[in-house]
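Worksheet: the structure to be examined is printed underneath.
The values are calculated or read from the model by the stated rules, or taken from the named source; none is laboratory data. Computed from a prediction, not measured in an experiment: that's the story for all the values here. With ideal geometry, Cβ positions are generated from the backbone for all residues, glycine too; neighbour counts draw on all protein chains shown.
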Amino acid sequence: MDQNNSYNANFAADNAETIAMAPLNMEEMPAPRGSRSHVAKRKPVALIVALSLLALVIALFAGYVIGGQYYFKDKAAPGVTFGGVSVAGQTADELKATVNDAVAASAVQVSLKGGDATKASLKDLGVSVDVNKTVSNLLSAKKDNAFAKVNPFQKTSVPMVTSTDKLAMSTYLSDTLIGEDARVVNASVNYDTASQQFTVSSSRAGESPKLDTVTARVAELAANPGTTLRATVDTQTENAPISDETAGTTATEANKRLASQIVISNGDTKQFTIPSSQIAQWIKITGDPAKGTLTLSYDENAINTYLSGTLSKELNQKSVAEQNVVNSQGTVLAVEVEGVNGVEVASDTSSTAKQVTEALKNGSSGEIKADAKIIKYETKSRTVRYDVPNGDPHAVINLSEQKVYAYKGTTLVNTFLMSSGKPSTPTDNGTFYVHTKYTSQTMRGEDYVTPNVPWVTYYNGGEGFHGAPWNTDGIAKGEPRSHGCTNMNVSDAKWIYDFLPLGAQVEVVGSTPSSAVRG
């Protein structure tokens, strides 16, 4: 019975109704107050990493652009090529060597149809390369844009800067490929060192080369130097394209330039005239047989090179301090040494060279002031006192008495007899200062030459004290007999020579007597 009840009870429990419960949503369950959520919020990690990388790239790029601007400021930029070769990073000196090497390696193999051939350099063909301008163009290529300047993928090819003298080209090819008796000879103008003038060489009809193919190859070499190209030329029979008349007119114009007086000054006291023989070296005469013309031009680079090596030697001057004598009031009584400003000609003579070039183009003479720094001379003064007892040495010549008085300040220290200038050549009145002294000198005038004059002390141009052993009688009598100087006994003249320093005052008073003043 008990077992049945137990079975029934268990059966009833198993067959009880089952209740279905909804699944538990942990995210919706509120967390206890003050507790941390066990689920972290999601962060945009990928975006942050991407932005960081972008910022790094921008910073690196900006640093490259800014750093590149500085590094390449005096070098060829990345992507710049010359003759098909990169010159990035080369300095001006390195570029100059690169250009010179390319010029030396550039040539044209010229063949005459059915005739001779020659390998001609650019110089042979009358082609001048402006190396400095080419280097300047290489340095400035791509510099107008900051990004382009440092972008190695943006390429720029820089050609050589050239000019071609077609007359020189024609002459070279004629001389090389055509027999002497058959070739045409254009009239030409050349400088003759013997006559120091430009002279004309006459023309002659004959065969001449056609230049078109050669000039085309030269243009290709300018764009892509450093190689040898080939050209085949024909000839043509013709009268000389450049006539004697054209050459004569050109020679006349060139000689006018030789006659130009181009003077360059330092802006102070020195100036320099450019020699005509030097001007001749700057005159370039180029011809164009196709046009039958000769043209004058002037080599500004050569002018600048000459001036930079010459002007400082010719125009620089050292400063010399003025040395003067002043009284107690500061009034200048005499200048013992003239002051000279210091002058330093600028090392950059390009501006002066441009002016010289323009003067030659215009065929004009004139003065050009060089760029120079002028340093004002200093002044050194020596104060003298003639107004106090036992002051500074000075002298008074009294013409009326025919005497010389020597003073120290107001103190009379000596008196001498003398013979002044005769009435027809009198000694000048006035206040003067000793400027030159000689122990002995040969004196010359319009009607006399007197050698070995002793103890000369000049105070007024050519007037001065000196010994006159030939005029002792005139000195003793006080009779004016000289040509303006103050004749003295030799020992007295030496005393005055020793007594009066340079700058000492000499005052001439009274009037010239017509006869002796002493019996």
Original post:
Are any residues in segment 400-418 within 59 Å of the chain's Cα centre (by Cα) and surrounded by 18 or more Cβ atoms within 10 Å (Cβ to Cβ), and if so, which ones?
Top reply: Val404, Ala406, Tyr407, Lys408
Original post:
Within segment 442-519, which strands (runs of 3 or more DSSP E) (wholly inside it) include 2 or more residues that are over 14 Å from Val404 (Cα atoms) and touching a residue at least 24 places away in the same chain (Cβ under 8 Å)?
Top reply: 448-460
Original post:
What single numbered condition from (1) under 30 Å from Ile178 (Cα atoms); (2) at pLDDT below 95 fails to hold for Ala102?
Top reply: (2)
**OP:** Residues being outside any strand (DSSP E or B) and farther than 17 Å from Pro501 by Cα: count how many of those fall in segment 374-409.
**Re:** 9
Subject >> Entirely in segment 231-350, the helices (runs of 4 or more DSSP H) that have 3 or more residues that are of a type in the set (Asp, Glu) and under 29 Å from Val184 (Cα atoms) >> reply: 244-258
**OP:** Hey, could you check segment 421-477 for residues that are closer than 18 Å to Ser515 by Cα and in contact with a Leu (Cβ under 7 Å, 6 or more places away or on another chain) and say which is surrounded by the fewest Cβ atoms within 10 Å (Cβ to Cβ)?
**Re:** Ala476
Original post:
In segment 92-121, which residues are under 18 Å from Ala141 (Cα atoms) and polar (S, T, N, Q)?
Top reply: Thr98
Original post:
Counting only residues that are within 26 Å of Gln317 (Cα to Cα) and not in a loop (DSSP other than H, G, I, E, B), how many does segment 360-373 have?
Top reply: 6
Original post:
Does Lys96 satisfy the criteria of being part of a loop (DSSP other than H, G, I, E, B), more than 15 Å from Ala222 (Cα to Cα), outside the structural domain of Gly287 (by TED's automatic domain parsing) and under 26 Å from the mean Cα position of the chain (by Cα)?
Top reply: no
